[in-house]
């Protein structure tokens with residue numbers, strides 16, 4: 001993969017850098033790079049970019065790497081790096097802003113606790129699901145409908161079962177990149 005976006009190698013390097021770090025240091029680093037309400041209010045451009053280069057925790061991102069190889073690599077080959085980057089960024093930035101706006105509103109209205117303003121939220125999943133949604137246009141019919149139905153079904157069920165802002169963000173990300181194929 002080319003371009004200034006996370007790839008399996010980069011995610012592996014950033015994650016490996018956390019393996020031997022003290023747990024407090026790992027938590028502080030991920031919190032610094034997080035796209036939470038507090039960080040977006042103070043340094044939005046930096047955290048919107050930096051958060052996509054980390055995977056929460058210190059496990060090797062095998063699952064993320066496999067997803068990238070099976071979904072985002074074919075999408076980049078089909079779309080080209082520029083449109084692939086646009087799809088990834090639309091999902092990452094768009095879903096982040098939607099979910100963080102919902103959290104900020106919930107905190108302001110008193111529905112959510114103030115602690116949600118500083119939670120750790122890093123990763124590539126919003127960008128990944130946006131690219132997966134765009135890849136729908138590449139799949140020939142009738143398999144296109146199977147892919148789209150499976151993707152939307154998976155994201156909807158996960159959002160209903162887990163009921164977290166991250167899961168709702170995955171749904172938003174899949175919708176945010178729909179214009180990136182033109």
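The values are calculated or read from the model by the stated rules, or taken from the named source; none is laboratory data. No experiment lies behind these values; they were computed from the predicted model shown. Using ideal geometry, Cβ is built from the backbone for each residue, glycine included, and neighbour counts are taken over all protein chains shown.
Please state which of the following conditions residue 69 fails to meet, knowing it meets all the rest: (1) surrounded by fewer than 20 Cβ atoms within 10 Å (Cβ to Cβ); (2) modelled with pLDDT of 65 or more; (3) closer than 15 Å to residue 120 by Cα.
With respect to (1) surrounded by fewer than 20 Cβ atoms within 10 Å (Cβ to Cβ); (2) modelled with pLDDT of 65 or more; (3) closer than 15 Å to residue 120 by Cα, residue 69 is out only on (3).
Here is a check on your reading of the model: is residue 110 out of contact with any strand residue (DSSP E or B) (no Cβ under 6 Å at 6 or more places or on another chain), buried (at least 16 other Cβ atoms within 10 Å of the Cβ) and on the phi > 0 side of the Ramachandran plot?
No; evaluated as a whole, the condition is false for this residue.
Which one is modelled with the highest pLDDT among residues in segment 41-61 that are closer than 22 Å to residue 97 by Cα and surrounded by 21 or more Cβ atoms within 10 Å (Cβ to Cβ)?
This residue is 47.
For segment 104-126, which residues satisfy the criterion of being in contact (Cβ under 8 Å) with a residue 12 or more places away in the chain and more than 14 Å from residue 151 (Cα to Cα)?
Hits for segment 104-126 are 104, 107, 116, 117, 118, 119, 120, 121, 122, 123, 124.
Within segment 130-144, is even one residue out of contact with any strand residue (DSSP E or B) (no Cβ under 9 Å at 6 or more places or on another chain), within 23 Å of residue 29 (Cβ to Cβ) and touching a residue at least 40 places away in the same chain (Cβ under 8 Å)?
Checking segment 130-144: not a single residue is out of contact with any strand residue (DSSP E or B) (no Cβ under 9 Å at 6 or more places or on another chain), within 23 Å of residue 29 (Cβ to Cβ) and touching a residue at least 40 places away in the same chain (Cβ under 8 Å).
Given the structure, is residue 91 within 13 Å of the chain's Cα centre (by Cα), modelled with pLDDT under 90 and not in a loop (DSSP other than H, G, I, E, B)?
No, not satisfied.
Of the residues in segment 88-99, how many are within 14 Å of residue 45 (Cβ to Cβ) and surrounded by fewer than 23 Cβ atoms within 10 Å (Cβ to Cβ)?
Of the residues in that region, 3 qualify.
Search segment 38-64 for residues that are on the phi > 0 side of the Ramachandran plot and pair each with any residue that is in a helix (DSSP H, G or I) and at pLDDT below 80 when their beta-carbon atoms are under 9 Å apart and the residues are at least 6 apart or on different chains.
From residues that are on the phi > 0 side of the Ramachandran plot, the pairs are 57/15; 57/18; 57/26; 57/30.
Condition (residue is crowded, with 17+ Cβ neighbours inside 10 Å and modelled with pLDDT of 70 or more) applied to segment 9-25: is it met by at least one residue?
No.
Would you check if there is a residue in segment 120-129 being over 26 Å from residue 28 (Cβ atoms), at pLDDT 90 or above and either over 14 Å from the mean Cα position of the chain (by Cα) or not in a loop (DSSP other than H, G, I, E, B) (or both)?
There is at least one residue in segment 120-129 that is over 26 Å from residue 28 (Cβ atoms), at pLDDT 90 or above and either over 14 Å from the mean Cα position of the chain (by Cα) or not in a loop (DSSP other than H, G, I, E, B) (or both).
Testing residue 148 on (1) assigned to a helix (DSSP H, G or I); (2) touching a helix residue (DSSP H, G or I) at 6+ places or on another chain (Cβ under 9 Å); (3) under 28 Å from residue 45 (Cβ atoms), one condition comes back false. Which one is that?
All conditions pass for residue 148, except number (3).
Condition check: surrounded by fewer than 19 Cβ atoms within 10 Å (Cβ to Cβ) and farther than 23 Å from residue 63 by Cα. Does residue 154 satisfy that?
No, not satisfied.
Within the group 126, 137, which residue is surrounded by fewer than 17 Cβ atoms within 10 Å (Cβ to Cβ), in contact with a helix residue (DSSP H, G or I) (Cβ under 6 Å, 6 or more places away or on another chain) and within 20 Å of residue 76 (Cβ to Cβ)?
Step by step, each of 126, 137 is checked, and only 137 is surrounded by fewer than 17 Cβ atoms within 10 Å (Cβ to Cβ), in contact with a helix residue (DSSP H, G or I) (Cβ under 6 Å, 6 or more places away or on another chain) and within 20 Å of residue 76 (Cβ to Cβ).
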